[in-house]
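Student: Please find one structure pasted underneath; my questions will follow.
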Amino acid sequence: MAVPAARLEDYVAAIFRAAGSAAGEAGLIAHHLVASNLAGHDSHGVGLVRGYLAAVARGDLRLNHRLAVMRDSGSVLVCDGGNGAGAAMASAAMDLGIARTRREGAAIVALRDSYHIGRIGAWAEQCAAAGLVSIHFVNVPAHAAVAAFGGTKARLGTNPFAAGFPCGEGEPVIVDFATSRWAVGKVQVARRANKRVPPGILLDAEGRETDDPAALFAAPPGALLPFGEHKGFGLALACEMLAGALLGAETQRGEPSPAITNSMLSVILDPGALGGEAAYAERRDALLAWVTSERGEGKEIMLPGEPERMRRARLLGEGLALDAGTRAELAEAAASVGVDAASHLGDCA
Ligand code: NAD
């Protein structure tokens, strides 16, 4: 039975409160996990709860950590995530960046060494809701999963890139993707559902193409391929340079760990401080109308951000149909901190 999103969010927040998170942090973690499911990115949704609790137990994820500003030079803010909960670290970093952009016209916000910050589009949406354009480069240092272009073994993270563009009263354009053909979580979702992976996505440990999602998690592990051949590889490397090396944060060094940490370099821009609000609105609207002004027969053109919005609108009505494996894992995680699934989910448990 589908679970209403609000009920799922309350349940997940109760799990994190029971694990020791303050109410505000537990609410943020739950909100962002469920928002990923609503956007159709189950790889970043409530299926991560069990892994997050395991990370708390190992000491890899520090609940109730507060974001620390390490350096403040006007339009540049360097923040330490201290392995705190990513939803709390990234939203606090964006709040600081938005306030600074309003004052300075532009801000560069470095978020170093946070625990998993989830769906990067969420941070672009936060900036767009404040009327600001943003660009985000992210690395995943402890989690090499992607081969270099021409390589056969995992050398980089799935290093996502995102950019957000507010559109006045309309919906923002949100570009948000991993630089690998598939995100790791998507392969995990295929493995749970006993599905094969399409060609051109995955190599096994011997460097041969495979359609078996289990190959990525085998010992020794396989590797994902970058999207767009050398181009995706180049963007993944730029993410590693910008979010890792440039910030003095962790970078890939071949020391695998179950922890999912992220660093993020965000550039936040006020259209009013560049070409001006009116010019931005006029050029943006004309550009988007031109780009979407023709389509192939039987095809539709969507702007980035639209598929997620359409799914959100539908799933808010229908509820979230979690697969049996995810429900069971969630119930197990809840029980491990003394939370009863049935008392939160009722008939939907
Ligand atoms: P994806 O391949 O589903 O691409 C999503 C992007 O493409 C969105 O901007 C979406 O609006 C756009 N899009 C999809 N279909 C479209 C269409 N038909 N026309 C126009 N635009 C379209 O994303 P992904 O690479 O699987 O990444 C999934 C999520 O995983 C992202 O939110 C990403 O931030 C997240 N991620 C996070 C981490 C991390 O470590 N925190 C790592 C990797 C990925």
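The values are calculated or read from the model by the stated rules, or taken from the named source; none is laboratory data. Keep in mind that this is a model prediction, so the values were computed, not measured. Glycine gets a Cβ as well: all are built from the backbone with ideal geometry, and neighbour counts include every protein chain shown. Protein only, heavy atoms only, side chains kept; ligands, DNA and RNA dropped before computing areas. Shrake-Rupley method; radii C 1.70, N 1.55, O 1.52, S 1.80 Å.
Student: From the list R62, R71, R66, R58, exactly one residue is open to solvent by 50 Å² or more (accessible area, probe 1.4 Å), away from the ligand (no atom under 16 Å from the Cβ) and in contact with a Pro (Cβ under 9 Å, 6 or more places away or on another chain). Which is it?
Tutor: R58
Student: Let me ask another. Which ones in the range 203-236 are open to solvent by 60 Å² or more (accessible area, probe 1.4 Å) and away from the ligand (no atom under 15 Å from the Cβ)?
Tutor: Selection gives E206, R208, E209, D211, F217, A219, P220, P221, E229, H230.
Student: Within the range 39-55, restricting attention to residues that are within 12 Å of the ligand (Cβ to nearest atom) and of a type in the set (A, V, I, L, M), which residue is modelled with the highest pLDDT? Before the answer, list the steps.
Tutor: Residues of the range 39-55 that are within 12 Å of the ligand (Cβ to nearest atom), as a first pass: 39-45, 48.
This time we only want the ones that are of a type in the set (A, V, I, L, M), so: 39, 48.
On the way: A39: 98, L48: 95.
If we take residues in the range 39-55 being within 12 Å of the ligand (Cβ to nearest atom) and of a type in the set (A, V, I, L, M), then A39 is modelled with the highest pLDDT.
Student: Still on this model: Any residue in the range 163-181 that is at pLDDT 95 or above sitting within a Cβ distance under 6 Å of a residue that is near the ligand (Cβ under 8 Å from one of its atoms) and in a strand (DSSP E or B)? List the pairs, counting only those 6 or more apart or interchain.
Tutor: A163/V175; G164/I174; D176/A162
Student: Among the residues of the range 301-336, write down those that are away from the ligand (no atom under 16 Å from the Cβ), surrounded by 16 or more Cβ atoms within 10 Å (Cβ to Cβ) and assigned to a loop (DSSP other than H, G, I, E, B).
Tutor: G319, L322
Student: Going through the range 218-234 one residue at a time, which ones are of a type in the set (G, A, S) and either part of a helix (DSSP H, G or I) or farther than 11 Å from A145 by Cβ (or both)?
Tutor: Filtering the range 218-234 down to residues of a type in the set (G, A, S) leaves 218-219, 222-223, 228, 232, 234.
If the condition is that a residue be of a type in the set (G, A, S) and either part of a helix (DSSP H, G or I) or farther than 11 Å from A145 by Cβ (or both), then A218, A219, G228, G232, G234 are the ones that fit.
Residue by residue, here is whether (1) assigned to a strand (DSSP E or B); (2) at pLDDT below 95; (3) in contact with a helix residue (DSSP H, G or I) (Cβ under 8 Å, 6 or more places away or on another chain) holds:
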| site | (1), (2), (3) |
| --- | --- |
| R191 | no, yes, yes |
| R196 | no, no, yes |
| M264 | yes, no, yes |
| I268 | yes, no, yes |
| A278 | no, no, no |
| D285 | no, no, no |
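Student: Of these, A145, A190, which one is closer than 21 Å to K231 by Cβ and either open to solvent by less than 50 Å² (accessible area, probe 1.4 Å) or assigned by TED's automatic domain parsing to the domain that holds C127 (or both)?
Tutor: After applying the criteria, what remains is A145.
Student: Can you tell me which residue is farthest from R66 (Cα to Cα) among those in the range 112-140 that are polar (S, T, N, Q) and more than 9 Å from the ligand (Cβ to nearest atom)?
Tutor: S134
Student: Kindly list, by first and then second residue, each pair from a residue in the range 305-332 that is among the aliphatic types (A, V, I, L, M) to a residue that is in a loop (DSSP other than H, G, I, E, B), limited to pairs with Cβ atoms under 7 Å and residues at least 6 apart or on different chains.
Tutor: Matching pairs, first to second residue: L320/A2; A321/A2.
Student: Which condition from (1) outside any strand (DSSP E or B); (2) near the ligand (Cβ under 10 Å from one of its atoms) is the one that G164 breaks?
Tutor: All conditions are met except number (1).
Student: Take the range 155-172 and flag every residue that is closer than 21 Å to A219 by Cβ and surrounded by 24 or more Cβ atoms within 10 Å (Cβ to Cβ). Please lay out each step first, then the result.
Tutor: If we filter the range 155-172 for residues that are closer than 21 Å to A219 by Cβ, which is where we start, we get 155-158.
Scanning the range 155-172 gives L156, G157, T158.
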